[in-house]
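Please read the structure below before turning to the comments.
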Amino acid sequence: MTVRCYLKYMITISVVNRKGGVGKTTTVFNLSYILSKKGVKTLAVDFDPQASLTSILGFDPEELEIGIDVPILSEAGIPQDKISLKDVIVKTNMDFDLAPSRDQLELANIILTSKIGRELVLKKKLNEVADDYDIAVIDCQTSISLLTINALAASDYVLIPVELAYLSMQGFNVLMNIILEVKQNVNPNLKILGILPTKYDSRLTTVKKAMSILDKLKEHYYIFPPVKKTVAFDKSVEEGRPVFLMDSKAAEDAGKAYEFVANKIIEVIKE
């Protein structure tokens with residue numbers, strides 16, 4: 001029985017953190033790959049003007065004639081005609097599709113500010129392709145911007161990657177407060193899928209301290225098994241291949257950590 005049998009609508013997951021370098025894009029990349037390999041029809045959405053996910057997947061953001069910025073800004077009349085998200089989506093050399101990004105997406109943080117319903121523009125656009133996919137996985141901007149709020153407003157679940165070496169509870173609490181604000185005022189169905197510790201190295205004192213902080217959060221949030229730190233991630237990004245396909249024991253372990261997350265997502269779908 002396929003995942004589609006359990007779905008009444010497309011599930012949307014935002015991968016979000018206020019900090020950069022926590023493995024957000026890497027998480028979207030690897031999860032999209034693993035989910036698609038498990039028969040889940042997956043759309044990866046690059047909703048970050050830095051367009052790192054787009055680049056990893058072999059597309060030059062500066063050479064793209066159209067990116068996700070176009071249908072988003074079309075809701076504000078730029079261009080005057082409404083553009084569908086379907087016009088943007090491209091096939092990757094893997095089993096999942098991509099809604100690519102360009103730096104022009106940053107304009108949405110300015111231009112959409114005065115638009116009524118500005119928090120719901122992405123949700124409206126994702127609805128245009130909801131019949132074509134089982135899951136959309138969104139790579140969010142590294143800040144709490146209007147783009148990030150749009151992603152949260154469009155999502156069923158939030159996955160929060162946290163780099164253990166730089167875990168800041170103050171920053172973490174701010175992020176959780178924003179998620180709560182969106183849930184209370186815009187998207188009452190929003191749920192936290194869990195916290196994904198990344199760049200785990202048991203030898204480091206900072207990592208041990210961070211893990212002890214996360215242990216205290218287990219009462220309130222689901223904590224996924226950590227993704228181990230490995231140079232395989234750098235090579236994975238350079239070659240545009242999921243870490244799952246890199247030839248090393250460390251890469252295999254990291255791939256298994258992401259597979260655990262993917263399996264959890266599928267379990268949630270079947271509930």
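Structure summary
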| quantity | calculated |
| --- | --- |
| One residue from 148, 142 being within 23 Å of residue 187 (Cβ to Cβ), open to solvent by less than 60 Å² (accessible area, probe 1.4 Å) and touching a Gly at 6+ places or on another chain (Cβ under 7 Å) | 142 |
| Index of the failed condition, residue 196 passing every other in (1) in contact with a helix residue (DSSP H, G or I) (Cβ under 6 Å, 6 or more places away or on another chain); (2) buried (at least 19 other Cβ atoms within 10 Å of the Cβ) | (1) |
| Filter pass, residue 74 being under 18 Å from the mean Cα position of the chain (by Cα), buried (at least 18 other Cβ atoms within 10 Å of the Cβ) and free of Cβ contacts under 8 Å to residues at least 24 places away in the same chain | no |
| Any hit, the stretch 106-113, residues being charged (D, E, K, R) and in a loop (DSSP other than H, G, I, E, B) | no |
| Hits in the stretch 253-271 (condition: acidic (Asp, Glu) and surrounded by 15 or more Cβ atoms within 10 Å (Cβ to Cβ)) | 253, 259 |
| Every residue from the stretch 201-247 that is among the polar types (S, T, N, Q), modelled with pLDDT under 80 and within 24 Å of residue 55 (Cα to Cα) | 230 |
| Residue in the stretch 87-105 that is among the charged types (D, E, K, R) and under 15 Å from the mean Cα position of the chain (by Cα) present | yes |
| Count - residues of the stretch 29-71 that are part of a helix (DSSP H, G or I) and either touching a His at 6+ places or on another chain (Cβ under 8 Å) or in contact (Cβ under 8 Å) with a residue 60 or more places away in the chain (or both) | 11 |
| Meets criteria (of a type in the set (Phe, Trp, Tyr) and farther than 23 Å from residue 149 by Cα) for residue 47 | no |
| Among (1) under 19 Å from the mean Cα position of the chain (by Cα); (2) open to solvent by 50 Å² or more (accessible area, probe 1.4 Å); (3) among the charged types (D, E, K, R), the one test that residue 163 misses | (2) |
| Number of the exception - residue 237 against (1) open to solvent by 50 Å² or more (accessible area, probe 1.4 Å); (2) aliphatic (A, V, I, L, M); (3) more than 17 Å from the chain's Cα centre (by Cα); (4) under 25 Å from residue 158 (Cα atoms) | (3) |
| Neighbours by Cβ (under 7 Å, 6+ apart or cross-chain): first from the stretch 238-258, free of Cβ contacts under 8 Å to residues at least 12 places away in the same chain and farther than 16 Å from residue 96 by Cα; second open to solvent by 20 Å² or more (accessible area, probe 1.4 Å) and hydrophobic (A, V, I, L, M, F, W, C) | none |
| Residue ID - nearest to residue 110 (Cα to Cα), chosen from residues in the stretch 57-68 that are out of contact with any Ser or Thr (no Cβ under 7 Å at 6 or more places or on another chain) and open to solvent by less than 60 Å² (accessible area, probe 1.4 Å) | 66 |
| Single match in 217, 204 (criterion: farther than 22 Å from residue 139 by Cβ and open to solvent by 60 Å² or more (accessible area, probe 1.4 Å)) | 204 |
| Long-range neighbours under 8 Å by Cβ, at least six apart or interchain, first residue farther than 29 Å from residue 60 by Cβ within the stretch 101-117, second in a loop (DSSP other than H, G, I, E, B) and open to solvent by less than 50 Å² (accessible area, probe 1.4 Å) | 115/75; 115/76 |
| Yes/no for residue 93 being open to solvent by 70 Å² or more (accessible area, probe 1.4 Å) and either in contact with a Ser or Thr (Cβ under 6 Å, 6 or more places away or on another chain) or part of a loop (DSSP other than H, G, I, E, B) (or both) | yes |
| Residue within the stretch 224-237 that is aromatic (Phe, Trp, Tyr), in contact with a Gly (Cβ under 9 Å, 6 or more places away or on another chain) and closer than 13 Å to residue 162 by Cα present | yes |
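The values are calculated or read from the model by the stated rules, or taken from the named source; none is laboratory data. Just so it is clear, the structure is predicted and the values come from calculations on it, not from any experiment. FYI the Cβ positions are ideal-geometry reconstructions off the backbone, even for glycines, and counts take in every protein chain you see. When the accessible area is computed, the model is the full protein with side chains, heavy atoms only, and any ligands, DNA or RNA have been set aside. Shrake-Rupley method; radii C 1.70, N 1.55, O 1.52, S 1.80 Å.
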